[in-house]
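The values are calculated or read from the model by the stated rules, or taken from the named source; none is laboratory data. What you see is a predicted model, and the numbers here were worked out from it, not measured in a lab. Neighbour counts are summed over all protein chains in view; Cβ atoms, including those assigned to glycine, are modelled from backbone coordinates with ideal geometry.
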Amino acid sequence: MPISIRPPRALAHPLFGLTLGLLAGLGTLVAFAPKPATADTPTIAVGSIKPGMKGYGLTVFSGTEPEKFDVEVIDVLHKFRPNQDLILVKTIHPRLEKVKVVAGMSGSPIFLNDGSGPAKLAGAYAYGWSFGNEPVAGVTPIANMVAEMGRPLSPLLFPSSGKSPIGPATKPPAPKAKTGSLDDADANGKSGGAKTAWFGDPGTYSLQDHVKQIAARSAPPGLAGVTAPQMVETPLIVGGLSDRTVKELALAIAPLGLVPLQGGGAGIAATAKGAPEHYVDGGAIAVELMRGDSAAQATGTVTHVIGKKLVGFGHPMMEMGASHLPTAIAKILWVLSSDQRSFKIGEPVRNLGTLTQDREACIVVDEDVVAPMIPMTIDLLGDPTAPKKNWSMEVIHDKFMSPMWTAFAFADAVGSAINDRKDASWTLSSTIKIKGHGTIAVDDFGVSASGVPQGAFFMSRAGFALGELMNNPWEEVQVEGVTAKLEVDWKRDAVRLRSAELMETIVEPGQAARIKLTYKPYFGEEKSVIVSVPIDPILAGKDVDLEIVPGWQVYPDTASPENLDQLIHNLAAPSLSPKAWVVQYRYPEAGLAMNGKVASKITPFAVDTMKANTTTSIPESFQPMVRKAVDVAAYTDGSSRLRVTVKAAQK
């Protein structure tokens, strides 16, 4: 049987009920005037570093100007990572004695004095210990970081001067057989990689399961985090999102090494007044995952700038390899203190450049590259009291985070503006624009006794479609935009099935079976309707099982997609009317599906003839359904089953 594209049915209740403990810290330092970084900045090799060496680090604790803190070398931990040592240092300052290791300081450059001239760049503040009670940090050697600058770029990028970085999509020949998983897409070098890709057949995408897949492949082994040096956490500063959304977000992104922290940055102009024009050593940098009315940016520190490129963090952000994430110069507002972990809190002040490499030793950013983003809008209709009716934001172009951030952004827009907990019916009309492939339009609906659930978009057809498109196994997709209109009617516009009754329990071959459906509106009296379903003469002498189901559960039979265009066709296939019940039964003879086409009611002889033994490119057989819908002018709920007997044919 072919794998049919069966989008989620109706908008349901929120998927996640998570908790988040936010960690905090405090710190102030003496101001330090940064000097422009160049390729001539002297460095010190790990082999020349000795215990007791002293020096300083640079980081931003307030505003945009880096400040100094003192350091002293403890020793060098050799072979900490493959081809990478780790320099252990004490950070000496009254404030760091209090805040210990600070999330957001990752990448802070560490300079050491070896007695010959000015202090030399040793590497980046990058590692700490869980529950450590002294200010000790691990430093990634600068040589390992600079070596990452020569890596090839993501296929979705090329250096530009304000131009779009995305080239034309290439379309390889469609596979002759159905693709069983998406592993091949990553093995062939497509962007996104195994870190965030969905592994599953086309038509099976689920955001919930995608979160579980990433968690499973990113899970740390055992209790190593308690005793081994761990990457200093990258705080994900979020703005324009509710507390509830931030809590739900925590579990989804935790496997990627990101810690959500309610901060700011939403709605900030691309360039704030007085913002620095370029990155500097020790300056704050934000990697923007979403920006606009809702925003999220991972905050860290620049280690070393060479020309228009820089290295930072001293460890991976998400270890995604060749990447294409937009970046910005950041402003730090405060350092919040916590006994467990302290955090920098800040916001972007100038959009500038793209994270092009996310590697074990560092991130690499290029100021001259423009990252692809997906613009999104949502218009809220039907509630004149909503304080904000039009939302606009951009999300990154990624196999996992594009559908995830879209879901969170839309859910939060709904939850913030339409949060009445009363009877509600709504429709969500969404479009997804795909470069070179037109636009997909999909509709969802929902009925609730407690308003519009924030998690509704997680299970919508639009979210499902975006995940399928980003993770298709045939070609790279450029999504050019997502729009949605949510219309709310403050009533429970639904009817529930009370009973289904056969008008005749025995019918003649070829005669219609008549079923009386009795249903009850939320308010009002019971109503009835009779639906007639023709019974095919081929079923003479047999019992036929009839199913009564809501129309929104029924989608047309579709063939397994064998290329992107067929996938798009399946995604756009509408369900039957959500305001109808459907009576259906299985037709006894097979249907065939191949090359995106579906043929029902094929005789056994024709099926055997088409199933040649000389090729693996053969049609897939499935059992078609015979259906009849009856409209009742309200969203339907409830199902039933009946059995009708068909008389034997007269000889």
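Can you pull out the residues in the range 84-124 that are at pLDDT 95 or above and closer than 22 Å to Ala330 by Cα? Gly107, Ser108, Pro109, Ile110, Gly123, Ala124 - these are the residues of the range 84-124 that are at pLDDT 95 or above and closer than 22 Å to Ala330 by Cα. If you check Gly55, Gly27, Gly17 for being modelled with pLDDT under 50 and either in contact with a Cys (Cβ under 9 Å, 6 or more places away or on another chain) or over 30 Å from Asp201 (Cβ atoms) (or both), only one passes: Gly27. Taken as a whole, the condition of being touching a residue at least 24 places away in the same chain (Cβ under 8 Å) and either closer than 30 Å to Ala648 by Cβ or of a type in the set (A, V, I, L, M) (or both) applies to Ser532. Every condition in (1) under 44 Å from the mean Cα position of the chain (by Cα); (2) surrounded by fewer than 20 Cβ atoms within 10 Å (Cβ to Cβ) is met by Ile548 except one, and the failing one is (2).
Matching residues to (1) under 19 Å from Glu67 (Cα atoms); (2) part of a loop (DSSP other than H, G, I, E, B):
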site	(1), (2)
Asp281	yes, yes
Val287	no, no
Arg291	no, no
Ala296	no, no
Thr299	yes, no
Met318	no, yes
Thr327	no, no
Leu352	no, no
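Scanning the range 553-568 for residues that are buried (at least 22 other Cβ atoms within 10 Å of the Cβ) and at pLDDT 85 or above returns Pro561, Leu564, Leu567, Ile568. For Gly510, the criteria (1) surrounded by 14 or more Cβ atoms within 10 Å (Cβ to Cβ); (2) out of contact with any Lys or Arg (no Cβ under 9 Å at 6 or more places or on another chain); (3) part of a strand (DSSP E or B) hold in every case but one, which is (3).
Has the range 136-151 got at least one residue that is modelled with pLDDT under 80 and either in contact with a His (Cβ under 6 Å, 6 or more places away or on another chain) or in a loop (DSSP other than H, G, I, E, B) (or both)? No, because not a single residue in the range 136-151 is modelled with pLDDT under 80 and either in contact with a His (Cβ under 6 Å, 6 or more places away or on another chain) or in a loop (DSSP other than H, G, I, E, B) (or both). Checked against (1) modelled with pLDDT of 95 or more; (2) more than 26 Å from the chain's Cα centre (by Cα); (3) acidic (Asp, Glu), Glu367 meets all criteria but (2). With respect to Arg492, determine if the residue is among the charged types (D, E, K, R), surrounded by fewer than 24 Cβ atoms within 10 Å (Cβ to Cβ), closer than 25 Å to Lys579 by Cβ and modelled with pLDDT of 95 or more. No: the conditions fail for Arg492. Taking the criterion of being closer than 26 Å to His324 by Cα and among the acidic types (Asp, Glu), the residues of the range 385-443 that qualify are Glu394, Asp398, Asp412. Across the range 453-489, the number of residues qualifying as part of a helix (DSSP H, G or I), of a type outside the set (Phe, Trp, Tyr) and modelled with pLDDT under 90 comes to 7. Within the range 578-586, at least one residue is in a loop (DSSP other than H, G, I, E, B), at pLDDT 90 or above, in the same structural domain as Ile538 (by TED's automatic domain parsing) and not hydroxyl-bearing (Ser, Thr, Tyr).
For the range 62-83, the set of residues classified as farther than 30 Å from Gly274 by Cα and surrounded by 17 or more Cβ atoms within 10 Å (Cβ to Cβ) consists of Val71, Val73, Val76, Phe80, listed by residue number.
Scanning the range 35-45 for residues that are surrounded by 13 or more Cβ atoms within 10 Å (Cβ to Cβ), at pLDDT below 95 and either closer than 23 Å to Glu134 by Cβ or not hydroxyl-bearing (Ser, Thr, Tyr) (or both) returns a single hit, Ala37.
Screening the range 194-217 for residues that are among the β-branched types (Val, Ile, Thr) and part of a helix (DSSP H, G or I) and picking the one that is nearest to Ser323 (Cα to Cα) gives Thr196.
For the residues Ser425, Ser450, the requirement of being assigned to a strand (DSSP E or B) and farther than 30 Å from Lys647 by Cβ singles out Ser425.
In the set Glu360, Glu347, which member is in a loop (DSSP other than H, G, I, E, B) and assigned by TED's automatic domain parsing to the domain that holds Ala143? That would be Glu360, the only listed residue that is in a loop (DSSP other than H, G, I, E, B) and assigned by TED's automatic domain parsing to the domain that holds Ala143.
Taking each residue of the range 420-439 that is over 12 Å from Val488 (Cα atoms) and assigned by TED's automatic domain parsing to the domain that holds Thr636 and looking for partners that are surrounded by 14 or more Cβ atoms within 10 Å (Cβ to Cβ) and not hydrophobic (A, V, I, L, M, F, W, C) with beta-carbon atoms closer than 8 Å, six or more apart or interchain, yields nothing. Filtering the range 378-391 to residues that are surrounded by fewer than 17 Cβ atoms within 10 Å (Cβ to Cβ) and in a strand (DSSP E or B) leaves Asp379, Leu381, Asn390.
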